[in-house]
Amino acid sequence: MLDNILFLSAPITVSILMAGILAYFGNHILTRGIIFIDIAVAQIAALGTMIGLLLGLAEESSGVQLISYAFTIVVIALFALTKFRDQVIPQEAIIGIIYCIGLGLAMLLAERIPGGANFISKTITGNLLWVTWSQVLNCFLLFLAVAIVHLFFRKHFIAISDTKKGLPYSLWKTRSYELIFYITFGIVIVKAVPVGGIFMVFILLIAPAAAATLFTQSWKKRFIWSWIIGIAGSVSGMYASYKLNISNAPAIVSLLSLTVFILAFIKLAAGRFKTDNIKKQ
């Protein structure tokens, strides 16, 4: 029992770290209505990695990581700079195009790289169970640096995310803040996907924020509750995977997905109950 706990301690710790940072970003992404941006960013990062592999670099080498980050930052910068006062093409459409480009090129490159198909599969499933304490420390330091940046610019990021129509600042000032936001977001996604996989990263990004938004519109409360839900879901998913002898990332994804639907049902039922009581009075 103790050996199993020690073995799972690193995966549980990195899951908590990812749940914390992704739940924060998820509230911004959900408010902005660009739900699938993390999948597009992850796919572009994978494309950069595959190009590094095609050049003969090792998958875990710093060279491959630099290429992956470079591709991600360039694409995310272009995305940030496509924000206009009057948005003719929805940014969600731009996200879809970016994802299709990344996936299409990755599939073409996979034919040229030994084990390319396995690498594409790994980007989906991740490698959570075999994460090392060195990777945990790297994630912690990187996420901490991103958190400090967002703490400094938090009011500006919230002002931009909270604006449904129009921009709170001048166009270029808004784009400057957007550039900082999306670059830090891209860095987090590039770091998280190899560990948890695309599906787990996506669900940690969206599900806790969606669940919190059902009950409150306050940014502070949404942040707190999405952190609690994301962390609780991650730890519970890891425990369930251990007890039921099932894969950990799919367990976390399934648990958090079900949590959102259960909370939505509770919210709906509570709303109807309140409405019925008002009518009776």
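Here are a few things to note about the model shown:
- In segment 106-133, residue surrounded by the fewest Cβ atoms within 10 Å (Cβ to Cβ) [restricted to those that are closer than 26 Å to Val14 by Cβ and of a type in the set (Val, Ile, Thr)]: Thr132
- Selected residue [among the basic types (Lys, Arg) and more than 30 Å from Ala269 (Cβ to Cβ)] from Lys220, Lys155: Lys155
- If only residues of segment 209-248 that are farther than 17 Å from Gly20 by Cβ and under 18 Å from the mean Cα position of the chain (by Cα) are counted, the one that is surrounded by the most Cβ atoms within 10 Å (Cβ to Cβ) is Asn248.
- The set of residues in segment 139-155 that are farther than 18 Å from Val201 by Cα and in contact (Cβ under 8 Å) with a residue 24 or more places away in the chain comprises Val149, His150, Phe153.
- Filtered by the rule that a residue be without any contact (Cβ under 8 Å) to a residue 12 or more places away in the chain, of a type in the set (Phe, Trp, Tyr) and under 24 Å from Ile124 (Cβ atoms), segment 221-271 gives Tyr239, Phe261.
- Per-region count, segment 199-220, residues part of a helix (DSSP H, G or I) and more than 15 Å from Phe185 (Cβ to Cβ): 11
- Residue list for segment 113-138, restricted to those being in contact (Cβ under 8 Å) with a residue 24 or more places away in the chain and of a type in the set (S, T, N, Q): Thr123, Thr125, Asn127, Thr132, Gln135, Asn138
- Subset of segment 20-76 [assigned to a loop (DSSP other than H, G, I, E, B) and either in contact (Cβ under 8 Å) with a residue 60 or more places away in the chain or on the phi < 0 side of the Ramachandran plot (or both)]: Ile34, Ile35, Phe36, Leu55, Leu57, Ala58, Glu59, Glu60, Ser61
- Tally, over segment 96-127, of residues that are of a type in the set (S, T, N, Q) and farther than 18 Å from Leu57 by Cα: 3
- Selection from segment 237-252 of residues that are in a helix (DSSP H, G or I), among the small types (Gly, Ala, Ser) and either farther than 18 Å from Leu205 by Cβ or in contact with a Gly (Cβ under 9 Å, 6 or more places away or on another chain) (or both): Ala240, Ser241, Ala249, Ala251
- Any hit, segment 168-175, residues being within 27 Å of Phe223 (Cα to Cα) and aromatic (Phe, Trp, Tyr): yes
- Hey, Thr163 exposed (fewer than 15 other Cβ atoms within 10 Å of the Cβ), more than 18 Å from the chain's Cα centre (by Cα) and either at pLDDT below 90 or assigned to a loop (DSSP other than H, G, I, E, B) (or both) or not: yes
The values are calculated or read from the model by the stated rules, or taken from the named source; none is laboratory data. Computed from a prediction, not measured in an experiment: that's the story for all the values here. Every residue, glycine among them, receives a Cβ derived from its backbone with ideal geometry; neighbour counts consider all protein chains shown.
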